[in-house]
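J.: I am attaching a structure below and will ask some questions about it afterwards.
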Amino acid sequence: MADDPDQRPLVLLDGMSLAFRAFFALPTDIATSEGLVTNALHGFAAMLISLVRSQNPRALVTAFDLSGGTFRDAMTEDYKGGRAETPPEIGHQFDLIRGLCEVLHIPVLGVTGFEADDVLATLATWGRDEKMPVVVVTGDRDAFQLVEDPYVKVLYNRRGVSDYSLYDESGIFERCGIEASRYPLLAALRGDTSDNLPGVPGVGEKTAAKLFATYHDMDDLFAHLGDLTPKLRENLATYEQRARNNEQVMLLVRDVPLEFTLDTVTLGGWDRGEVDAFFDRFEMNQMRTRFAQLMKEGLLGTGAGAASPSKVPATTPKAPAKMATVVASPASVLSSASPVIAYRNDRAAVLDGATNTVALVDLDVLIEALATVAPCGHDLKELYRIGAERDRVMKEPADDTAIMAFLLDANSGRYELGDVAHRFLDEPIVTSAPSLFDSTSSDDTLLYEVALIARLREHLRAEIATWELGHVYEQIELPLVMVLGLMEARGIAVDATLLRTIAKEFTEEVASLDREIQKVAGHDFKVNSPQQLQVVLFDEMGLKAVKKIKSGYSTDASSLEAIQDEHVIIPLILRYREVEKLRGTYGAPLIDAVKPDGRIHATFHQMVARTGRLSSDGPNLHNIPVRSQEGRRLRYAFRPSEGWELAVSDYNQIELRILAHLSQDSGLLSAFASGEDVHRTIAGSVFGVPSDEITPEQREQAKAVSYGLAYGMEAYGLSQRLGVPVSFAKEVMDKYFTGFPSLRSYMD
């Protein structure tokens with residue numbers, strides 16, 4: 001496509017058609033950690049990237065069908081009847097795809113009483129009248145009638161997410177043997193099974209094309225039936241009304257009333273923070289990166305306040321401060337109130353904003369001075385860890401620009417100094433010396449960084465005040481910086497002997513299970529290989545496959561659990577996987593993490609989880625299992641120091657309490673106010689029985705719905721979590737909402 005804006009096309013997307021193509025092209029095991037299936041959303045996003053790169057559009061518009069009938073239902077009995085039931089895993093994804101379009105500022109249109117095809121036809125006709133290039137993207141052949149040189153083309157999705165053909169008038173004629181404008185004539189005789197529109201018996205696409213190569217339209221054809229063979233003449237005469245009705249049904253409406261004009265649609269206007277948040281919410285990290293590249297290249301237009309995150313109002317960054325004077329003696333700078341610091345390896349720069357002087361010192365000198373002075377810096381936790389490891393106690397920080405940036409923009413996931421300065425100050429990321437990414441302790445780099453941090457501190461402080469985040473920042477997040485640094489330095493004591501014993505038991509059980517599985521299968525194979533496991537279970541043993549995927553049939557946990565009663569090998573495989581995961585995740589890795597002091601020194605992160613929860617790595621101490629006996633044994637390996645005890649604390653159903661507060665549902669509020677087991681009380685309302693008669697299974701089902709709702713789980717995700725059919729999961733959710741109607745309104 002040419003880069004001339006006048007030649008760039010308006011790209012019109014058939015949302016429903018493309019969503020179904022994406023859904024059937026990708027396996028349904030593409031889902032979030034909460035079990036929300038997102039394969040159609042992934043496929044649609046991939047299509048969108050491909051379209052933007054190949055078409056370089058001036059703008060995009062998406063059309064969706066709305067619920068309820070259309071005028072075509074009155075024209076044809078059982079129009080679109082007989083279609084296979086819509087898979088339960090796709091229904092919610094139409095809304096997800098609409099959501100993706102909305103955060104990208106792609107208009108989503110739909111008109112009651114009309115189909116999406118009619119909306120696209122109207123927009124394509126407007127584009128043609130304005131002499132604007134238009135590309136209609138669809139998997140529906142009815143759109144072929146819209147093709148009109150030189151303005152309107154159809155990009156037809158044949159299958160999958162990447163198999164397309166771009167048709168102009170000659171392309172339609174070559175494919176169908178008829179002009180694009182007369183395509184409904186051919187389709188009317190042929191029929192369309194997907195819309196439950198049977199054609200004329202004995203008349204396929206080729207026969208229809210031959211007929212209309214001779215006759216101009218329906219009137220001309222039926223006026224010359226005597227020229228045709230007896231059988232063809234008889235069929236056409238018998239089904240004339242069907243053919244004429246099909247033609248009227250298949251003609252797309254080109255004047256749908258739209259509260260929309262082409263001159264209002266432009267590419268861009270998206271908010272980068274909102275786009276990132278969308279992809280984060282549905283755990284689409286790769287897509288977030290790919291769309292970020294499109295934005296960077298300008299292929300999605302210009303964002304709204306592109307240099308600012310979603311919640312932060314765009315402000316003009318301050319001009320660079322006057323270059324600070326470097327002083328030889330650091331004493332006065334180190335004793336200033338809340339000095340700004342930057343450190344790398346064993347060197348540091350310290351800036352006194354009041355006198356605009358800066359000193360360069362060894363890190364030990366800085367740590368010693370911070371015993372009486374509260375520092376300001378960027379991502380200071382590591383400094384507190386270093387200080388504690390050197391047996392030095394420092395004052396709590398006065399400011400941390402990384403923490404402020406996280407509170408103002410929790411969606412970006414990038415809080416390196418260069419990223420934050422670029423995002424909030426529109427400061428270019430320096431790629432030559434002095435470099436933010438130079439691993440050496442260059443004094444020039446430190447001087448550059450400390451000046452940048454000082455500017456950031458002033459700017460972000462003002463934004464924290466603007467968004468009334470002072471309490472969260474000053475009372476919760478900022479004091480935690482030092483706490484986490486000290487925690488990392490201190491570590492937690494473990495019983496390494498017990499860990500080694502447990503790891504040895506895991507290894508022995510895995511080997512035993514592996515041998516038993518091979519014996520049951522009758523030959524050797526790699527149990528960890530999904531491909532080899534498919535062959536053994538479904539080809540050799542003939543077990544029932546539950547879920548089809550791109551490479552054959554799924555052997556994931558939910559698929560195997562569904563057939564675990566069919567053969568003794570399935571429970572063995574499930575147990576093998578469970579123990580192998582424990583061995584690989586918590587066996588050797590935990591042992592290797594024990595330092596010479598007998599303690600594990602994990603790293604804690606307060607700027608990773610958007611919800612504000614802590615996370616950890618090296619190793620991850622947040623996911624030590626608790627539900628299995630083996631997991632509980634692992635927890636016993638963590639020991640308090642002599643004379644101390646471990647205290648355990650947890651929020652009491654915090655998500656549900658927040659849900660009750662936000663929805664103000666009287667039933668949920670009463671459940672908490674009763675002081676009883678809230679899950680049992682909720683289950684009683686859901687299943688209509690006294691709470692003391694609730695079975696453990698009913699309580700677990702109600703609990704799963706409660707927590708699932710807080711994170712947007714649908715019936716399919718609930719079915720996967722409970723190991724029940726989707727229909728039963730939907731029934732449970734419907735009962736839940738009947739018991740808590742205000743919650744339904746809030747969730748909607």
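J.: Could you tell me whether any residue of region 141-150 is at pLDDT 90 or above, more than 30 Å from residue 210 (Cβ to Cβ) and either in the same structural domain as residue 61 (by TED's automatic domain parsing) or basic (Lys, Arg) (or both)?
T.: There is no residue in region 141-150 that is at pLDDT 90 or above, more than 30 Å from residue 210 (Cβ to Cβ) and either in the same structural domain as residue 61 (by TED's automatic domain parsing) or basic (Lys, Arg) (or both).
J.: Return the total of residues in region 613-658 being assigned to a loop (DSSP other than H, G, I, E, B), small (Gly, Ala, Ser) and surrounded by 14 or more Cβ atoms within 10 Å (Cβ to Cβ).
T.: Total satisfying the criteria: 1.
J.: Taking the residues in region 592-612 that are touching a strand residue (DSSP E or B) at 6+ places or on another chain (Cβ under 9 Å) and over 29 Å from residue 413 (Cβ atoms) as candidates, determine which candidate is surrounded by the fewest Cβ atoms within 10 Å (Cβ to Cβ).
T.: 597
J.: Can you give me the ranges of the helices (runs of 4 or more DSSP H) entirely in region 272-382 with at least 1 residues that are more than 30 Å from residue 392 (Cα to Cα) and at pLDDT 90 or above?
T.: Output list reads 272-281, 285-296.
J.: Could you say which residue among 511, 493 is closer than 20 Å to residue 584 by Cα and either without any contact (Cβ under 8 Å) to a residue 40 or more places away in the chain or touching a Ser or Thr at 6+ places or on another chain (Cβ under 8 Å) (or both)?
T.: 511
J.: Here's a follow-up. Scan region 132-170 residue by residue and report those that are over 18 Å from residue 181 (Cβ atoms) and not hydrophobic (A, V, I, L, M, F, W, C).
T.: 133, 139, 157, 158, 159, 160, 162, 163, 164, 165
J.: Would you mind finding the one in 733, 713 that is under 31 Å from the mean Cα position of the chain (by Cα), at pLDDT below 80 and surrounded by 13 or more Cβ atoms within 10 Å (Cβ to Cβ)?
T.: 713
J.: Can you name every one of the helices (runs of 4 or more DSSP H) wholly within region 488-593 that holds 3 or more residues which are among the aliphatic types (A, V, I, L, M)?
T.: Here the list reads 496-521, 569-582, 588-593.
J.: Give the number of residues within region 95-131 that are part of a loop (DSSP other than H, G, I, E, B) and either among the basic types (Lys, Arg) or without any contact (Cβ under 8 Å) to a residue 24 or more places away in the chain (or both).
T.: 1
J.: Does residue 612 qualify as being within 23 Å of residue 480 (Cβ to Cβ), modelled with pLDDT under 90 and not assigned by TED's automatic domain parsing to the domain that holds residue 410?
T.: yes
J.: Would you check if there is a residue in region 532-546 being surrounded by 13 or more Cβ atoms within 10 Å (Cβ to Cβ), under 30 Å from residue 398 (Cα atoms) and either in contact with a helix residue (DSSP H, G or I) (Cβ under 8 Å, 6 or more places away or on another chain) or at pLDDT 90 or above (or both)?
T.: no
J.: Related question: Answer yes or no as to whether residue 485 is touching a residue at least 60 places away in the same chain (Cβ under 8 Å), surrounded by 14 or more Cβ atoms within 10 Å (Cβ to Cβ) and in contact with a His (Cβ under 6 Å, 6 or more places away or on another chain).
T.: no
J.: Which number in (1) in contact with a Ser or Thr (Cβ under 8 Å, 6 or more places away or on another chain); (2) under 20 Å from residue 259 (Cα atoms) marks the one condition that residue 124 misses?
T.: For residue 124, the failing item is (1).
J.: For region 61-107, what are the residues that are at pLDDT 90 or above and acidic (Asp, Glu)?
T.: Selection gives 102 alone.
J.: Against the condition assigned to a loop (DSSP other than H, G, I, E, B), outside the structural domain of residue 124 (by TED's automatic domain parsing), out of contact with any strand residue (DSSP E or B) (no Cβ under 9 Å at 6 or more places or on another chain) and at pLDDT 85 or above, how does residue 232 come out, does it pass?
T.: No.
J.: Starting from residues that are of a type in the set (S, T, N, Q) and over 40 Å from the mean Cα position of the chain (by Cα), keep the ones in region 179-207 and report whichever is farthest from residue 17 (Cα to Cα).
T.: My answer is 207.
J.: Residue by residue through region 38-62, note down the ones that are of a type in the set (Ser, Thr, Tyr) and surrounded by 24 or more Cβ atoms within 10 Å (Cβ to Cβ).
T.: Answer for region 38-62, where residues must be of a type in the set (Ser, Thr, Tyr) and surrounded by 24 or more Cβ atoms within 10 Å (Cβ to Cβ): just 62.
J.: Step by step: first the residues of region 376-425, then only those that are surrounded by 24 or more Cβ atoms within 10 Å (Cβ to Cβ) and acidic (Asp, Glu), then the one that is farthest from residue 482 (Cα to Cα). Which residue is that?
T.: Looking at the filtered set, the residue picked out is 409.
J.: Scanning region 606-650 for residues that are of a type in the set (Lys, Arg) and within 23 Å of residue 504 (Cα to Cα), which turns out nearest to the chain's Cα centre (by Cα)?
T.: 627
J.: If I ask for residues that are under 37 Å from the mean Cα position of the chain (by Cα) and surrounded by fewer than 17 Cβ atoms within 10 Å (Cβ to Cβ), which ones from region 505-524 would you list?
T.: The answer is 507, and nothing else.
J.: Determine whether region 95-107 contains at least one residue that is in contact with a Ser or Thr (Cβ under 7 Å, 6 or more places away or on another chain), within 24 Å of residue 49 (Cβ to Cβ), among the charged types (D, E, K, R) and surrounded by fewer than 23 Cβ atoms within 10 Å (Cβ to Cβ).
T.: No: zero hits.
J.: Considering region 217-275 alone, what residues qualify as being touching a Lys or Arg at 6+ places or on another chain (Cβ under 7 Å) and under 24 Å from residue 144 (Cβ atoms)?
T.: 218, 249
The values are calculated or read from the model by the stated rules, or taken from the named source; none is laboratory data. Note that the structure is a prediction, hence the values are computed from the model and not measured. Glycine also receives a Cβ, built like all others from the backbone with ideal geometry; neighbour counts cover every protein chain displayed.
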